Amino acid sequence: WSHGDGVTTMHPVGGREVGWAQVERPWIELAKIVSNGKAEMVDKVVQVAGEIGYEVGTEKGNVTMAGHQVAIEHRCTNIYRREAGGWKIVHHHSDIAPAMLEVLGRLQGK
């Protein structure tokens, strides 16, 4: 990930974050309740144009989320920018994941 003010994300659990301070927060919060996960991008298409590249595909896999098994299958786009000799994500966007939202709703209801 790029850690700049211009990075953005739209996660499978909703929301839109702008700037590294906001983008990092949902990842940290999800990491507290997600374990034993595996996801991979399938049907991937990658394009590069100069200092910008992107990939689109479907993230598929499963995770244990607060003790509940959750299947992952959502369309995803990642946009990369070449920084300091490597590629860094500057934007991540995925479909909403109803199964993940259901688990989060149960947790919030407690």
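Only residues that are more than 20 Å from G105 (Cα to Cα), surrounded by fewer than 15 Cβ atoms within 10 Å (Cβ to Cβ) and free of Cβ contacts under 8 Å to residues at least 12 places away in the same chain: list them for segment 19-31, please. Show your work before the answer.
Of segment 19-31, the ones more than 20 Å from G105 (Cα to Cα) are 19-24.
From what is left, the residues that are surrounded by fewer than 15 Cβ atoms within 10 Å (Cβ to Cβ) are 19, 21.
Across segment 19-31, the qualifying residue is only A21.
Name, by its number, the condition in (1) outside any loop (DSSP other than H, G, I, E, B); (2) touching a Phe, Trp or Tyr at 6+ places or on another chain (Cβ under 7 Å) that does not hold for H3.
(1)
Could you say which residue among V13, V42, V70, V34 is of a type in the set (A, V, I, L, M, F, W, C) and at pLDDT 95 or above?
Working: V13 fails: at pLDDT 95 or above; V70 fails: at pLDDT 95 or above; V34 fails: at pLDDT 95 or above.
Criteria check complete, one pass: V42.
So T9 passes all but one of these: (1) over 14 Å from the mean Cα position of the chain (by Cα); (2) part of a strand (DSSP E or B); (3) among the β-branched types (V, I, T). Which condition number does it fail?
(1)
The values are calculated or read from the model by the stated rules, or taken from the named source; none is laboratory data. Note that the coordinates shown come from a computational prediction; the quantities given were computed from them, not determined experimentally. For neighbour counting, all protein chains shown are included, and Cβ atoms are generated from backbone atoms with ideal geometry for every residue, glycine included.
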